[in-house]
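Let me begin by presenting the structure, written as structure tokens, before commenting on it.
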Amino acid sequence: SQQGEEDPQALSIQEGENATMNCSYKTSINNLQWYRQNSGRGLVHLILIRSNEREKHSGRLRVTLDTSKKSSSLLITASRAADTASYFCATSKGGAQKLVFGQGTRLTINP
Amino acid sequence: NAGVTQTPKFRVLKTGQSMTLLCAQDMNHEYMYWYRQDPGMGLRLIHYSVGEGTTAKGEVPDGYNVSRLKKQNFLLGLESAAPSQTSVYFCASSSRDTDQPQHFGDGTRLSIL
């Protein structure tokens, strides 16, 4: 079964607004990663946060991790139409860096 | 730099037919993975490999076999295709360095009639 649960499943906002997506997981992890998937394409890595980190930034992206609550959030600031995509969180634990994915959040940015 | 390349991109099979999906990476990565993605869902791990000549089962391995004869290639085989295997298949690779992301191909869309 999927370890990650993402919320909301779908999000529609106006261009320029901020978008927040949440991810919860069930077991201890080495790291948590966020990926973007444009329609019909593969996944593109956005950001990785280690289990001993609490917050990480990359451009317009901000990720937080709360290991006590087993949850993470991805904030996209000043959204653009090009941000329209599905966003997935994935947790890594143990050797071989196997990933367990959530079901994703479908983000739509309206011009 | 091609990254991860999957062939074919699309395929339609009849129930009971067999086929092999090919994944090639040019990043000299040790680890390679095969996932499937069903509508509205995240990816689920089918099989993975931590090096040439080694493979292991993931979350949903039944009905699939894999081989990694060369470091750069990871093959996924369906011996007797079933409609339940209709899905989009993604290959990924990563280095063995801790906390490194996986790099994905663009997927193979497979329909089993």
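If you go through segment B:30-39 and pick out every residue that is more than 9 Å from every other protein chain (Cβ to nearest Cβ) and either assigned to a strand (DSSP E or B) or surrounded by 24 or more Cβ atoms within 10 Å (Cβ to Cβ) (or both), you end up with 3. Quick check, is residue B:42 under 24 Å from residue A:38 (Cα atoms) and crowded, with 21+ Cβ neighbours inside 10 Å? Answer is yes for this residue.
Taking the criterion of being closer than 20 Å to residue B:40 by Cα and more than 11 Å from chain B (Cβ to nearest Cβ), the only residue of segment A:37-58 that qualifies is A:39. Checking the structure you have, find out if any residue of segment B:89-102 is at pLDDT 95 or above and open to solvent by 30 Å² or more (accessible area, probe 1.4 Å). Scanning segment B:89-102, I find no residue that is at pLDDT 95 or above and open to solvent by 30 Å² or more (accessible area, probe 1.4 Å), so the answer is no. If residue A:85 satisfies every condition in (1) closer than 21 Å to residue B:104 by Cα; (2) in contact with a Phe, Trp or Tyr (Cβ under 8 Å, 6 or more places away or on another chain) but one, which is the exception? In the conditions (1) closer than 21 Å to residue B:104 by Cα; (2) in contact with a Phe, Trp or Tyr (Cβ under 8 Å, 6 or more places away or on another chain), residue A:85 misses (2) alone.
Only one of the numbered conditions (1) free of Cβ contacts under 8 Å to residues at least 40 places away in the same chain; (2) closer than 30 Å to residue B:52 by Cα is violated by residue A:88, and that is (1).
Condition first: open to solvent by less than 50 Å² (accessible area, probe 1.4 Å) and either without any contact (Cβ under 8 Å) to a residue 12 or more places away in the chain or part of a strand (DSSP E or B) (or both). Now tell me which residues in segment A:49-65 satisfy that. Of everything in segment A:49-65, those that are open to solvent by less than 50 Å² (accessible area, probe 1.4 Å) and either without any contact (Cβ under 8 Å) to a residue 12 or more places away in the chain or part of a strand (DSSP E or B) (or both) turn out to be A:49, A:61, A:63, A:64, A:65.
Restricting to segment A:26-46, name every residue that is crowded, with 18+ Cβ neighbours inside 10 Å and part of a strand (DSSP E or B). Once the filter is applied, which keeps residues that are crowded, with 18+ Cβ neighbours inside 10 Å and part of a strand (DSSP E or B), segment A:26-46 yields A:31, A:32, A:33, A:34, A:35, A:36, A:37, A:43, A:46.
There is at least one residue in segment A:10-21 that is touching a residue at least 12 places away in the same chain (Cβ under 8 Å) and under 26 Å from residue B:103 (Cβ atoms).
The values are calculated or read from the model by the stated rules, or taken from the named source; none is laboratory data. Note that the coordinates shown come from a computational prediction; the quantities given were computed from them, not determined experimentally. We place every Cβ from the backbone using ideal geometry, glycine too, and count neighbours over all the protein chains shown. Protein only, heavy atoms only, side chains kept; ligands, DNA and RNA dropped before computing areas. Shrake-Rupley method; radii C 1.70, N 1.55, O 1.52, S 1.80 Å.
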